[in-house]
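Here is the structure we will look at.
The values are calculated or read from the model by the stated rules, or taken from the named source; none is laboratory data. Predicted, not measured: the structure shown is a model, and the values here were computed from it. Cβ coordinates were reconstructed from backbone atoms using ideal geometry, including for glycine residues, and neighbour counts include every protein chain displayed. Ligands, DNA and RNA are excluded from the accessible area calculation, which covers all protein heavy atoms including side chains. Shrake-Rupley method; radii C 1.70, N 1.55, O 1.52, S 1.80 Å.
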Protein chains: 2
Amino acid sequence: MKKSIFAGVACLVVSFAASAFQAPQAEFSEQQLKEVKALRDNALQSDLAWQLVESLTTEVGPRMAGSPADKLAVAWAKKQFKELGFDKVWAEPATFPKWQRYSESASIVGPAPQPLHITALGSSISTPKSGIEAEVIEFETIQELEDAPANIADGKIVFINYRMNRDRDGNGYGPAVQARNRGAVEASKKGAIGYVMRSVSTGHHRFAHTGGSHYQDGVKPIPTAALSNPDADQLQRLVALGKPVTINLNIQAESMGQGTSYNVIGEITGSESPEQYVLIGGHLDSWDLGTGALDDGAGVALTMAAAKLVADQSRPKRSIRVVLFAAEELGLYGAKAYVKANKDKVANIVAAAESDFGADKIWAIESNVHSSALPVVRAIAKQLEPLNVEYVRKNAARSGPDLIPFKPFNIPAFQLAQDGTDYFNYHHTADDTLDKIDPVQLKQNVATYAVFAYMAANAKTRMIGKAKK
Amino acid sequence: MKKSIFAGVACLVVSFAASAFQAPQAEFSEQQLKEVKALRDNALQSDLAWQLVESLTTEVGPRMAGSPADKLAVAWAKKQFKELGFDKVWAEPATFPKWQRYSESASIVGPAPQPLHITALGSSISTPKSGIEAEVIEFETIQELEDAPANIADGKIVFINYRMNRDRDGNGYGPAVQARNRGAVEASKKGAIGYVMRSVSTGHHRFAHTGGSHYQDGVKPIPTAALSNPDADQLQRLVALGKPVTINLNIQAESMGQGTSYNVIGEITGSESPEQYVLIGGHLDSWDLGTGALDDGAGVALTMAAAKLVADQSRPKRSIRVVLFAAEELGLYGAKAYVKANKDKVANIVAAAESDFGADKIWAIESNVHSSALPVVRAIAKQLEPLNVEYVRKNAARSGPDLIPFKPFNIPAFQLAQDGTDYFNYHHTADDTLDKIDPVQLKQNVATYAVFAYMAANAKTRMIGKAKK
C-alpha cells in the first residue's frame, strides 16, 4: 500500500513541475473578484451554518463513533447535503475499534473524603464493580514518571499533574497530550494499578476532558482517567500536606470490537475540471460527553454552509467536496479510510482545509503548497483581509487532524486558523455545547471558508503541493 | 416566645432613646484612626483568610449539614478559633431536617436521546429506581404554571424555563428562586408527576444548581430537580420543534429525620463593655456538590481573619463575635437556634454583618440602623474609602440570610456588599471550588470587615437598631 502511495506522489511532482515558478499572472478576472466580494458579504449575512450546527447538536446531540446517534448523524448529514442541493452525496465506510463508556466516578477516600470529578479516557478498561482503591503517587510530568525507578508506583495510582498552557494557536496541546496518549502505559510499567491525570485543559471549571488513550502490547492495561483542573488542584493540595492520599476510581466501560461508520461527502461539481477538487470539511463524530458543538459540529456546519454559498454564487470551475469524516476522535479512522478508498483521486485535490478547532474568529491563513501556487495563495489572502484574516507568509501550515493521513500525498494544504485561546476550556468535555459558539464569529468562519473554496476552485493556476524532498 | 421578643425590642428602644439625635461628636481618637489605618494595611497584606478557606475546602471539602464532613467542619472551626487565640470558643446546637442525595441523572428519551445534566433540589423525594419517564410540559414562569388550567400537567413532567438576570447586587435571585422554592408544589397541583426547572443561574456552563425547595402539606410531593442552563436551552429547543419530548428523571435521595449540628462561635472579648458585641460571620455548612468555597467558606474565613487581625491590633472596647452558623442552606436553622438560645443577648449586638455572597470585591457599605448611629456609620464609611468601598446612603440595607431571624430584634445591621456579578455562575454547584476565589479580592474583603468590626467595637456611640414602627 505504502509503495503505491509514494509512486503517486512522484508522478504528481513530475507532471506539474513544468508549471512551477512561472511569472505572476492574473489569477482571477474582475468579474470573479466581484463574485468573491458578493460571496463574502452574503456569507457574513447567512444563518445557514448556525442552523446546521443547531440542528446537529440538538436533534442528534452527542454522536460517539459507533453509537446509535452516530448512525443518526450520518443520516442527518446525507439529508442536509441533499436538501442543500449538492450535486453528489454519498457515504464511504470506515471501521474503527468501538468503545463505550457506561459510568465513571472517583473519590478521595482519605484523609479528606470527598468526590472527584473525572472522566474515563477513551479505550480505558473497566475497574472491578467496586472500583480500585489505592494511594496516589504524583508526578509533575510524564518524563518524571519515565525517569523514576522501576516499581516506584507498585500497587499505587499514578497521578500526572501537568497543566496545559493556553495559547491562541493551541501549542500547549501537543506537550500536554503526551500524558493522555501514553500515561497509562508508562504508569503500568512502573507497577501502577490505575492512572489519573490532570485534564488536557485550559479551563477552570469542574469538567474532566476525555480523549484518546492507548495501551501497548506487552504492558498490562490499567484503568485510566482524567481529573478536572479544580480536582487536580485539590489532589495536589492534599498530597502536599504530606499524608498518604488514597482514592477510589471506578470506571465501567467496554471495548466492543470493530465498529463501522461512514464518511459523508457532498460535492459541488465543477464546470471545467470536475475531477479536480477543493476538499473542505470537519468530522461528524464527537465524544460522548458534550453535544460536540465546537468539536466538531462547527466544522461540519461551516464547511457545508461555505460550499453551499459558493454554489449559490456560481458553479465553480473545479469541484468542491465537503468531507465529513467518521471516527476522528478514536484515531482518524474516517480520514484513513478516505485516503485508502480514494488514493487514485487524492492527487486531484487542489486545496484542502479541515475546520476542527472550534468556531472562534479565523485570524490567519497559512498555506503548505508548492511555490508555484503562492500567487494564488496571495490572491486568496488579499480577499480575506476584509475579514481580518492575517496572511502568515511561512508556507508551512499544519492543517486539521483529518488531513494527517493525506500527508504522504503532499496535497496543497491550508490552515484557516481559528483563535484557539478558549478552545481547550471546552474540548472533549460535557460543556462543549451550542452556547459556546458565537454566531457572529461563525459567520466570519463561513465567509473565510467560502472565499477560500471559491478562489481555490476558480484560480487560473491549479494549485499543487510541495515536492517530496 | 414571640411576645418576649417584642418586649425586648421595646425595652431596647426606650433605653437608648435618650442618646438619639445628639449633636455630632468625634467618634474616634487620632490614635484609634491610626490603628484603623494600620489594620487596613495589615489586612491587605494578610494571607490568613486564604489559608483558612484553603484548609476548610481542602481538608474538609463539601460539608452538607448533618454529613460526616459537617462534623469535621465543626471540629475544624473550633480548632482554628483556638489556634488563632480567640478569647472564648464554643458551640451551640441546632437541629434541622436532614436530607441526603445519593444519585441523580436524567436523559432525553425522545425524540433525540441524550443525557441531561441535572441536580436534585434539596428535600426532593426519590423516583422509583428506574426513574420516571414522561412528556415534558414547558412554562416560562411559575406564574404561567399557576395560571394554567387544573390538570394541564396530568402525568407529565413540568419544566419551568425562567432565566435569572445577572446583576452586581444579585437582584435576579429573588424572582428566580420562586420556581425553586415552590415549583414542585405548583406542578403537583396541576397533576405533574415530576418537576424540573432551569437552574437559578447566570452561568453558561453545564452545572446544575441545587438549593432548597419545599413541599406543602396536602399537596403530593413529586421529584424535583434543576437543569443546567445549556441543558435547559437544549430542552427548550427540542420542545420548540413541536414534537412531544419525553425525559427520564432518576433521583435517589432520602429525608432522614432530625439532624444536629453546631453554630461555632469565637469571641474576642471587649475591654470596657464586653457584653456588647459586634457580630460578624458566615455559615459553616455548604451544599454537597462543590467544596463550598464561595458559599460560604469565604465568609467563614474572611470574618475569622478580620476578627483575628483586630485582636492583633489592640483589644477592642466591645466584644467581637464571629458566628459560623450551622445548616444555613437547609433553611437558616443555625441562625434560628442562635436567636433562640441567645435571645437575652441579641439586644447587645452593636453591629452585625454576615458575609454570604462570595468573595469578590466589596463595593459598598450600607447600614440599617437607628439614626443616632449614622455618625458612626459615616466614620466607618470614610475609613473604607481607601478600599474603594462606596457608602450607600439609604440606611435600608438588607443583610446576609443568617441575619433574617434577628429581624424582630431590630439589631443594627449592615451589608458589606460583595460584587455579585459572577456569584450565581457558581452558587450551589459542583463548580464552587477554591480556584473561584481571587486572593487579592479576598484581602480587600478582610480589610473591609476588619475596619468595620474595629470601628463598631470602639466607637464612642454604641450603635442601635431602628425603632420598631
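Please state the shape class of the stretch A:326-428: rounded when a/c is under 1.5, otherwise prolate if a/b exceeds b/c and oblate if not, all from the C-alpha gyration tensor. Working shown, then result.
Details: a/c = 2.62, a/b = 1.12, b/c = 2.34.
Because a/c hits 1.5 or more and a/b fails to exceed b/c, the stretch A:326-428 counts as oblate.
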Using modelled backbone amide H atoms (1.01 Å from N, in-plane), which distant-in-sequence or interchain residues come within less than 5 Å of B:Gly281's amide H?
-> B:Val323, B:Ala353, B:Ser355
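Order of B:204-214, A:96-106, A:373-383 by packing, highest average Cβ count within 10 Å first?
B:204-214, A:373-383, A:96-106
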Taking R0 as 22 Å and r as the Cβ-Cβ distance between A:Glu146 and A:Asp167, the FRET efficiency 1/(1 + (r/R0)^6), rounded to the nearest 0.05, comes to 0.30
Threshold 20 Å² - residues in the stretch B:216-234 whose accessible area is reduced by that much or more when the chain is no longer isolated, probe 1.4 Å | B:Pro230, B:Gln234
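Give, rounded to the nearest 20 debye, the magnitude of the charge dipole that the stretch A:239-300 has about its Cα centre when Lys and Arg contribute +1 at Cβ and Asp and Glu contribute -1 at Cβ. All intermediate terms of the calculation are to be shown ahead of the outcome.
Working: 1 positive and 8 negative charges, 111 e Å.
Rounded to the nearest 20 debye, it is 540 debye.
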Could you list which residues have their amide H under 5 Å from that of B:Lys361, counting only those 5 or more apart in sequence or on another chain, with H placed in the peptide plane?
-> B:Asp419
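Any of A:Lys317/A:Lys468; B:Lys343/B:Lys407; A:Lys308/A:Lys361; A:Lys98/A:Lys340; B:Lys394/B:Lys466 with alpha carbons more than 18 Å apart? Name them for me.
Numbers: A:Lys317/A:Lys468 27 Å; B:Lys343/B:Lys407 12 Å; A:Lys308/A:Lys361 20 Å; A:Lys98/A:Lys340 20 Å; B:Lys394/B:Lys466 13 Å.
As for pairs spanning more than 18 Å Cα to Cα, those are A:Lys317/A:Lys468; A:Lys308/A:Lys361; A:Lys98/A:Lys340.
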Amide H of B:Asp167: which non-local residues (sequence gap of 5 or more, or other chain) have their own amide H closer than 5 Å, using H built in the peptide plane?
-> B:Gly172
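With the other protein chains left in place, how much accessible area per residue, in square angstrom, belongs to chain B at a 1.4 angstrom probe?
On the way: 17660 Å² over 469 residues.
Roughly 38 Å² per residue, with all protein chains present.
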What net charge is computed for the residues neighbouring A:Ala430, neighbours being all others with C-beta under 11 Å from the C-beta of A:Ala430, Lys and Arg scored +1, Asp and Glu -1?
-> -2
In whole Hz, with x marking every Gly and Pro, tabulate ³J(HN,Hα) for the stretch A:156-163 from phi via Karplus 6.51 cos²θ - 1.76 cosθ + 1.60, θ = phi - 60°.
-> 9, 10, 6, 10, 9, 10, 8, 9
How about the stretch B:56-104: which of its residues lose at least 50 Å² of accessible area in the presence of all protein chains relative to their chain isolated, using a 1.4 Å probe?
-> B:Thr58, B:Glu59
In whole Hz, the Karplus estimates of ³J(HN,Hα) for the stretch B:92-106 (6.51, -1.76, 1.60; θ = phi - 60°; x where Gly or Pro) are 10, x, 9, 10, 6, x, 7, 9, 9, 8, 9, 7, 7, 7, 7
Between the stretch A:171-205 and the stretch A:116-151, what's the alpha-carbon centroid distance in Å?
-> 9 Å
Could you check the simple spin-label distance between A:Asp422 and A:Trp90, using points 7 Å along Cα→Cβ, in nm with one decimal?
-> 4.1 nm
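Determine the share of the stretch B:201-247's accessible area contributed by carbon and sulfur atoms, expressed in whole percent, with a 1.4 angstrom probe.
On the way: 890 of 1690 Å².
Summing carbon and sulfur atoms, their accessible area is 53 percent of the total for the stretch B:201-247.
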Karplus ³J(HN,Hα) for the stretch B:390-400 (6.51 cos²θ - 1.76 cosθ + 1.60, θ = phi - 60°; Hz, whole; x = Gly/Pro) runs 7, 9, 8, 8, 10, 6, 9, 4, 8, 10, x
Putting +1 on Lys and Arg Cβ atoms and -1 on Asp and Glu Cβ atoms, find which of B:Gln234, B:Val245, B:Leu302 reaches farthest to the positive end of the dipole of the stretch B:214-302.
-> B:Val245
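If you take every DSSP beta bridge whose two residues both sit in the protein assembly as shown, what share of them, in percent to the nearest 5, is antiparallel?
On the way: 82 of 140 bridges.
Here the share of antiparallel DSSP bridges comes out near 60 percent.
How large is the dipole of the stretch B:292-419 about the Cα centre if only Lys and Arg carry +1 and Asp and Glu carry -1, each at its Cβ, rounded to the nearest 20 debye?
Values: 16 positive and 14 negative charges, 155 e Å.
That gives the stretch B:292-419 a dipole magnitude of about 740 debye.
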May I ask you to give the percent of accessible area on the stretch B:297-377 that is carbon plus sulfur, with a probe radius of 1.4 Å?
-> 44 percent
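In Å², nearest 100, what accessible area do chains A and B bury in total when the solvent probe is 1.4 Å? All intermediate terms of the calculation are to be shown ahead of the outcome.
Numbers: alone 18800 and 18840 Å², together 35290 Å².
Chains A and B together bury roughly 2300 Å² of accessible area.
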Specify the angular offset, from 0 to 90 degrees and rounded to the nearest 10, of the alpha carbon long axis of helix A:298-313 from the longest principal axis of the alpha carbons in chain A.
-> 10 degrees
Helix A:2-17 vs. chain A, principal-axis angle (Cα, 0 to 90°, nearest 10) = 30 degrees
Degrees separating the helix A:374-384 axis from the principal Cα axis of chain A, which is the longest one = 80 degrees
